[in-house]
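Please treat every number below as a calculation from the coordinates, not as lab data. Model, not experiment: these values are computed from the prediction. Backbone-built Cβ (ideal geometry, glycine too); neighbour counts: all protein chains shown.
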Amino acid sequence: METNKVIINIKNLILVNKKYFILFFIFVGYLILSLFLVYDIDNITYLHSDEQTFHDFALNVSKLDFKLWWAEIQNCYVGIFPTTNLYGTVFWYSLIYKLTNLIGLNSVISLRLVNTVVGFFTTIIIVKYIQKSANVKLSFIEILCISMPFLFFSPTLLRDNYVILFIFSGLIVFREQKKNWILKLILFGVLTFMFRHVSLLYYILIIAIFLYLKYKNKFLIPIIVLSIIILLFVEIPLISYAMNFRYNFLDRFANANLNTLLTLPFPINELALLLYSFLGVFPFYAYIILDLPKSLIRIPEMITSLVMFFYILRAYTFGIILKVNLRYLTAITVLFLLANIEFSLRRQMVVFPLLLELYYINKNLIKKTKNQNHKVISLFVIFLYLLLNLIYLVFI
């Protein structure tokens, strides 16, 4: 009997490793494809100008004597990024550039490879978080779907995967509370702060929300409210930039009259923009047909827009039908609204795992109650998306 258990455990371990083994090669394959189609030494930026910024700063710093790094890193951002620190990001990127230069490798390609590995481990951490918190076993297809946004940003020089990796590593430590968990929790908080200090507030806010929902301690409410206020206060200098970003984004879809969403009364306008942002890339094939074959590297973004739309709509519908976990659903909505200050997939990625977690928790509850409404909901979501595509084709 014990022998059979050992065999089963080994078999399960091999299967899990096999899933991740295949997933890793998908990440590496995507990096190679992106290098072949789009990226080269002279073309740092693909989708985001931040890539060029990180590259230039890291390159300048890496050329200096190590003793001068901190002073140069501080000088890089005065008056450029007054409300967001890039210290940890540029220090890490500069270190990679310095090491690769010493051993004669291409610095940019090496950094893209490192960030691809980070994107892969971010996916693993998110999968681990969802499986443990929702008590669910994810199939390879589900893992692959969940990996899409992290895969999409993995070859870039951006820091979003790093931030999500640190935040959810900290949340796993917090929920498991094993040996030295407080020190580990602080460590991941410090790492989050080093790469993007605003994200530390999301880190604290998510933990405070979880504590309140679990223990219902009222003293946590001021912490939650204070975190939101500080988050908004810190973001105030960026509001002008964020609004311009939104207008520029919406102007590309002027025929859809999406600019009118911003003119709606608050908070209706924010909720309307949030609902629209849930569509991701819409229609899903929008970017693919524009600049072939280069646009092929946007396939993960296209899949993300489809997958997350179905996950999000079903998660909200399940929650409303079951009338459970509505407080958590409300908290997630608030986090989405805060993340949606900059109208971008990059900012929403930090909230997606929480919603996926809630989706699987509610899905398990539906199975236990033998409620068949989930099949109707799934068909309704598919019908709704097809209807939206039809409306787009006919009227836009």
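Pairs from the list 128/367; 132/184; 128/363; 67/179; 18/363 with a Cα-Cα gap above 29 Å: 67/179.
In plain terms, the chain from residue 32 to residue 337 could stretch by 106.3 nm, reckoned as 0.36 nm per residue minus the Cα-Cα distance.
Convex hull of alpha carbon positions in the range 133-200: directionally averaged projected area 5.6 nm². Per the Debye calculation on the range 113-152 with a single equal scatterer at every Cα and no solvent contribution, log₁₀ I(q)/I(0) for q = 0.27, 0.29 Å⁻¹ amounts to -0.89, -0.97.
Over all other residues within a Cβ to Cβ distance under 15 Å of residue 181, the charged ones net out to +4, with Lys and Arg as +1 and Asp and Glu as -1.
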